[in-house]
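Okay, so here's the structure we're looking at.
The values are calculated or read from the model by the stated rules, or taken from the named source; none is laboratory data. Remember, it's a predicted structure, so these values are computed and weren't measured experimentally. Neighbour counts are summed over all protein chains in view; Cβ atoms, including those assigned to glycine, are modelled from backbone coordinates with ideal geometry. These accessible areas exclude ligands, DNA and RNA; they are computed on the full protein's heavy atoms, side chains included. Shrake-Rupley method; radii C 1.70, N 1.55, O 1.52, S 1.80 Å.
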Number of protein chains: 2
Amino acid sequence: VNGTHYRAEIGEQPAALRRLADRAADFAAVARRIGERKPTTVRLVGHGSSDNAAALGVYAFGLLPHLTALRDSISLSVYYGATVDMSSSVVVALSQSGQTPDVVQYVERARADAVLPLEVGTEQAVAATKTYTTQLAALVLLAAACSGRLALADDVRRVADNLEEALPGIATAAADVAQSFAFVGRMFVIGRGIEFATAREIALKLTETCRVAAEPLTATDLAHGPIAALDPMFPVWVVASDDEALPHVVAAAARARGAGAALIASGSAAAAVENAAYRLPVPRATTPLLAPLLSVAPGQLFAGALAAAKGLDPDMPVGLTKVTLAG
Amino acid sequence: VNGTHYRAEIGEQPAALRRLADRAADFAAVARRIGERKPTTVRLVGHGSSDNAAALGVYAFGLLPHLTALRDSISLSVYYGATVDMSSSVVVALSQSGQTPDVVQYVERARADAVLPLEVGTEQAVAATKTYTTQLAALVLLAAACSGRLALADDVRRVADNLEEALPGIATAAADVAQSFAFVGRMFVIGRGIEFATAREIALKLTETCRVAAEPLTATDLAHGPIAALDPMFPVWVVASDDEALPHVVAAAARARGAGAALIASGSAAAAVENAAYRLPVPRATTPLLAPLLSVAPGQLFAGALAAAKGLDPDMPVGLTKVTLAG
């Protein structure tokens, strides 16, 4: 049956997150080694879902140990051979397979040496779900450990419990909403700040599993051009979480609605998005940095349901393989 | 007439670039002040076209003075109040208007103090053209000055001359190709490395002036998911320049073609893209970092021609204003 692995792996996320939270000692050990280097900069590298997770890392390292984290350019050093000084940097390479060629080359150049396996078990579906959420949690746990906040593991456990409880309800609601989208060819997915990672990942799930051209945009980027493209046939998915960026997301959603777009609002603050045609709320996370662990679920489940409605297989999207070796 | 300013301003780009190149002493002065701070990091901030230009800044500062440049998160400090150490950083804020609210707030927090006006004159069309290319050139000139390479101003002048000579031919070719795209609703625009800025800017022009949902992707990101969405009705614009990233761009284009997509190839290496349905070549820049000054022209002109064919006005796209005050 299409999407059997994909659906099962969405359901395995809470257990995978709990296993990760149980490894607080490993995170503390890596954080100690990072601390010895007295880094100023954290370089995050990855492609696809891994790069989406890295977008959260920018906020986790910025807000917890107050380090500058960047989604670094892989091509600058790997293809153009730039010799940037990395002596006060830590490199965090994110890869589901550990084999993505240019990520491996980047790491070899930078001579990174600690490995933190995600303990997710094998992910069979090509469309990533549990590797994405464990990458998110690993980045936040590592950033927390770098600032001495080891208790964050308890928050991850709590979020895992909330997610487990909420998944069946979200699955039903998402399948219901997906029915209306069988013939949608393009969408924007907007989020801001901590939840921009979620907007990116939901857009990628829709694109790879449902063949929808879904572009992720920050709430502010939407206003700088793309809003001109909207019309009533152009849905906009709004990721709205209860944090400091929310007013900007709500304002951007109102502008999109004003341009005629149909809105799908998801996240813990889905109710704050006015005039949404559809809402897929999730529980509020105890720590805003962990909200993306919950916020991505409606997108994962909606994409699975829409793919099923279209007769597409999220376990094996056209033209994709689990390890991307070329390109 | 629709797009009068937009077309005129595309034509003003060579002169604007020459005026900028004449201010080498100003760039040298700012570079001296930057050098006194002994920075390790260059933080680039901007939205829309300015953020697209910043994507080139990452390569310019990385390849010339070997500094780590990043398109910094504005929301991390402005909305979430993160207190990241900026003592060894230089901030380069990019704004057409100088008034974008959260960019101004970011700069006030960072206490940046040098201003380099772009000398472009007033840009009347809402869709940016000459401010984008002068931002590109300003970033490369500043990075070059930071590494003592003041002679790069001559290269900018040469590229300006090449651009001036090539524009009429590109305009004719682009208008010709645009005729076939009147009913296209979605596209991907791919580039990599130095030319990713161009892919971003061409996608933005298509989205804001032609209401096409055009998503920019690195050649590698295309292979990590979005390739699954392609079919014969889904065109892919390929920005191909003669530099180290070219083999990866050519390989990604071949995969897109294999998935059935129609290819438009532009750039100095447009001829290297096999089985392209359309080609919009440009002259080769003497310095690879300046190639984007030429490579963006086919996109600007194609967008103008397609907007005209659709009866849309690039001088005043629906729902946009020149200064984006809300977000």
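For residue B:175, the distances from its label point to the matching points in the remaining copies are 5.6 nm, ordered from shortest, with each point set 7 Å beyond Cα toward Cβ.
Add +1 for every Lys or Arg and -1 for every Asp or Glu among the other residues with Cβ under 12 Å from the Cβ of residue A:29, and state the total. Value of the local net charge: +1. DSSP assigns beta bridges within the protein assembly as shown; of those with both partners inside it, close to 0 percent run antiparallel. Per-residue surface analysis assigns residue B:316 an accessible area of about 120 Å², computed on protein heavy atoms at 1.4 Å probe radius. Label-to-label distance for residue B:231 and residue A:19 is 3.7 nm, based on points extended 7 Å past Cα in the beta-carbon direction. Between residue B:176 and residue A:172, the modelled label-to-label distance comes to 6.1 nm, taking each label 7 Å out from Cα in the direction of the beta carbon. Estimated at the nearest 10 Å², the accessible area of residue B:88 is 40 Å² with a 1.4 Å probe.
Placing pseudo-labels 7 Å out from each Cα toward the beta carbon at residue B:164 and residue A:4 gives an inter-label distance of 6.8 nm. The convex hull drawn around the Cα atoms of chain A, when projected onto a plane and averaged over every direction, covers 15.3 nm².
Averaged over the residues of peptide B:179-188, the number of Cβ atoms from other protein chains lying within 10 Å of each residue's Cβ is 2. Close Lys pairs in the protein assembly as shown (alpha-carbon distance under 26 Å; sequence gap of 8 or more, or different chains): 14. The Rg/Rh ratio for the protein assembly as shown, using Cα coordinates for both the radius of gyration and the Kirkwood hydrodynamic radius, is 0.94.
As a calculated quantity, the FRET efficiency between residue B:38 and residue B:99 at R0 = 41 Å, using C-beta atoms, amounts to about 0.85. Remark: mean inter-chain Cβ contacts per residue of B:227-238 equal 4, using a 10 Å Cβ-Cβ cutoff to other protein chain atoms.
Put simply, the convex hull of the Cα atoms in segment B:182-264 casts, on average, a shadow of 4.8 nm². With Cα atoms defining each centre, segment B:128-171 and segment A:57-97 are spaced 29 Å apart in the structure. Packing around the peptides A:259-266, B:132-139, A:301-308, taken as the average count of other Cβ atoms within 10 Å per residue, puts them in this order, highest first: B:132-139, A:301-308, A:259-266.
Using R₀ = 41 Å, calculate the FRET efficiency as 1/(1 + (r/R₀)^6) where r is the Cβ-Cβ separation of residue A:244 and residue A:309; round to 0.05. According to the calculation, E is roughly 0.65. Sorted from nearest, the other copies put their residue A:11 label points 6.6 nm away, the label point being 7 Å from Cα in the direction of Cβ. Beta bridges assigned by DSSP with both partners in chain A are antiparallel in approximately 0 percent of cases.
Here the contact order of chain A, divided by its residue count and restricted to Cα pairs under 8 Å and six or more residues apart, works out to 23 percent. Near residue B:91: Cβ cut-off under 9 Å, other residues only, Lys/Arg at +1 and Asp/Glu at -1. The net charge is +1.
Distances from residue A:124 to itself in the other copies, using label points 7 Å out along the Cα-Cβ axis, amount to 6.4 nm in increasing order. Structural descriptor for segment A:265-327: relative contact order 22 percent, calculated from alpha carbon pairs under 8 angstrom and at least 6 residues apart.
Comparing B:311, B:225, B:98 in a Gaussian network model of chain B where C-alpha atoms under 10 Å apart are linked, the largest mean-square fluctuation is found at B:225. Shielding by partners for peptide A:65-77, expressed as the average number of C-beta atoms from other protein chains within 10 Å of each residue's C-beta, is 6.
Relative to the longest principal Cα axis of chain B, at what angle does helix B:24-36 sit, 0 to 90 degrees, rounded to 10? So the helix axis and the longest Cα principal axis differ by about 60 degrees. With R₀ fixed at 60 Å, the C-beta to C-beta distance from residue B:321 to residue A:111 puts the FRET efficiency at about 0.75.
For residue B:275 and residue B:151, the difference between the fully extended length at 0.36 nm per residue and the C-alpha to C-alpha distance is 40.7 nm. The relative contact order of segment A:140-232 comes to 21 percent, based on Cα pairs under 8 Å that sit 6 or more residues apart.
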